[in-house]
Structure formats: structure tokens, C-alpha cells
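Colleague: Below is the structure I would like to discuss, written out as C-alpha cells.
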Amino acid sequence: MENIKNPIIRYLLAILLFIGLLTLDQTSTVLIAIGPTISSNQTFVYIIATLLLLTTVGISYYLARKQGWMKPITQTITKDNWKFILGMFALTYLLKLLSGVILQLFGVNVAPENQQAIESLMKQIPTWYMGLMILVLAPMVEEFICRALIFKTIKNKKIAFVVAMLVFALLHVSGQFDLSFIVYLSMSAALTYTYYRHENLNESIAVHFLNNLIGFVALLVM
């Protein structure tokens with residue numbers, strides 16, 4: 001993407017790729033949510049939704065590897081890299097908690113609609129499918145379109161940082177915009193810095209995965 005010299009073509013391709021992958025991402029989720037109303041054969045619905053999910057992940061992974069945006073795994077599992085990943089995960093989680101506490105002190109509801117939607121879905125769909133969405137689809141696809149794609153499209157890294165941070169946060173605000181957006185913005189700042197630091201997509205995916213893993217486990221024990 002960054003090799004395309006014409007900025008208009010580069011931005012247009014990036015936007016089309018962003019919309020395409022996001023549409024595939026959301027289609028699999030919507031299909032599961034409305035499955036009972038469109039077919040009595042839920043097994044068939046889950047098969048189609050799972051294929052869409054895996055296709056979205058596969059396309060993101062293939063493009064990331066082809067473009068060289070994912071470094072060899074051996075460069076990610078070094079001692080120093082794991083320290084960085086765990087440190088950024090701790091920072092991401094700490095910022096999320098602190099922003100939530102601050103908002104609560106000002107009497108703001110810190111249960112974002114996105115989180116409420118996930119909790120609602122947990123009651124409708126199998127745990128294994130929710131695990132695929134939260135632990136596989138979200139880290140891979142969201143880091144690809146919200147971090148790597150943006151940084152490789154926008155030449156100015158400072159502007160790319162701000163855009164990536166805002167886009168990720170906005171994607172997690174559904175329905176009416178409120179101050180709970182700050183929670184996602186704080187998380188996005190840490191995730192964006194994770195990618196910005198080394199431009200290694202593996203690292204931001206790992207931090208995103210660890211953050212979602214904690215949330216997924218919390219949903220299971222609720």
C-alpha cells in the first residue's frame with residue numbers, strides 16, 4: 001500500500017479495503033444475531049457465519065503477510081518483545097480502568113453500548129463462536145484495518161497515530177455517542193502506540209488479544 005505513489009489511489013484503495021473487511025466482519029455478527037428469524041436450521045447459519053468470520057481473518061492475515069506488515073514470529077517472541085507486549089497490555093488495561101473510574105466519579109455511565117451488545121450476544125450464541133469473534137476476529141482484523149492499514153496509507157506518522165486512535169474508538173461506539181467513548185479512546189491510544197513503536201502488527205495483535213481474553217473470561221464467569 002505504501003508503495004503506491006499516487007496518494008489519491010492509495011487512499012481510495014485503503015478506504016475500499018477498510019469498508020470491505022469491516023462489512024465482512026459485521027456481516028458474520030449480524031447473521032448470527034438474526035439467524036433465528038431467517039432460518040430454522042441454526043447449524044447452517046453458524047456454518048455460514050463461521051466461514052465469513054474465517055474468510056475475513058484469512059484475508060487480513062494474507063494481506064498483512066503479503067505486504068510485509070507482519071514480521072516473522074521469531075522477531076516477536078524474543079524476551080525483549082514479550083516484555084514490551086506484556087507492558088503495553090498492562091498499560092492498556094490500566095488506562096481502561098482509570099478512565100472508567102474517572103468517568104464514574106463524574107457520574108457518567110461506563111458501560112459502553114458495545115460492551116452491552118456483547119453481553120447480549122453471549123446469551124444468544126454459543127460460547128465457542130463468541131470466543132472466535134473476541135479472540136480471533138477482533139484482534140486480527142481490527143489491528144489490520146485500524147493500525148497497519150492506516151499507518152501504511154498515511155505518510156505522516158503523527159497524523160496516522162491520531163487517525164488510527166480515533167477510528168478504533170469510533171468503531172466501538174454504537175448508537176448514541178456518549179462519554180464512554182473516552183474508555184475506548186484510552187485503550188486505543190495504548191494499542192496505537194504499541195504498533196507505532198515498532199510497526200510490528202504481531203505486537204499490537206498480541207496486546208489486543210490479551211486485553212480481549214481478560215474481557216472474555218470476565219463474561220464467562222458473570
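The values are calculated or read from the model by the stated rules, or taken from the named source; none is laboratory data. These numbers come from a predicted model, not from an experiment. Note that we place each Cβ from the backbone using ideal geometry, even for glycine, and neighbour counts take in every protein chain shown. Accessible surface areas use protein heavy atoms only, side chains included; no ligands, DNA or RNA. Shrake-Rupley method; radii C 1.70, N 1.55, O 1.52, S 1.80 Å.
Colleague: So how long is each side of the range 154-222 along the principal axes, counting just the alpha-carbon atoms, biggest first, in Å?
Modeller: 43, 30, 14
Colleague: Something else about it: With every protein chain kept in place and ligands, DNA and RNA left out, what is the accessible area per residue of the chain? Probe 1.4 Å, answer in Å².
Modeller: About 52 Å² of surface per residue is accessible.
Colleague: If you average 1/r across every pair of different Cα atoms in the chain and take the reciprocal, what Kirkwood value do you get, in Å?
Modeller: 18.3
Colleague: Net charge around residue 205, counting only other residues with Cβ within less than 12 Å of its Cβ (Lys, Arg = +1; Asp, Glu = -1)? Show your work: numbers first, answer last.
Modeller: Numbers: positive: 71, 147; negative: 142, 143, 203.
With Lys, Arg at +1 and Asp, Glu at -1, the net is -1.
Colleague: With runs of 4+ DSSP H residues as the only contributors, calculate the mean residue ellipticity of the chain at 222 nm using -39,500 (n - 2.57) per run, divided by the residue total and rounded to the nearest 500.
Modeller: Per the formula, -24000 deg cm²/dmol.
Colleague: With an 8 Å Cα cut-off and a minimum separation of 6 or more residues, compute the relative contact order for the chain in percent.
Modeller: 29
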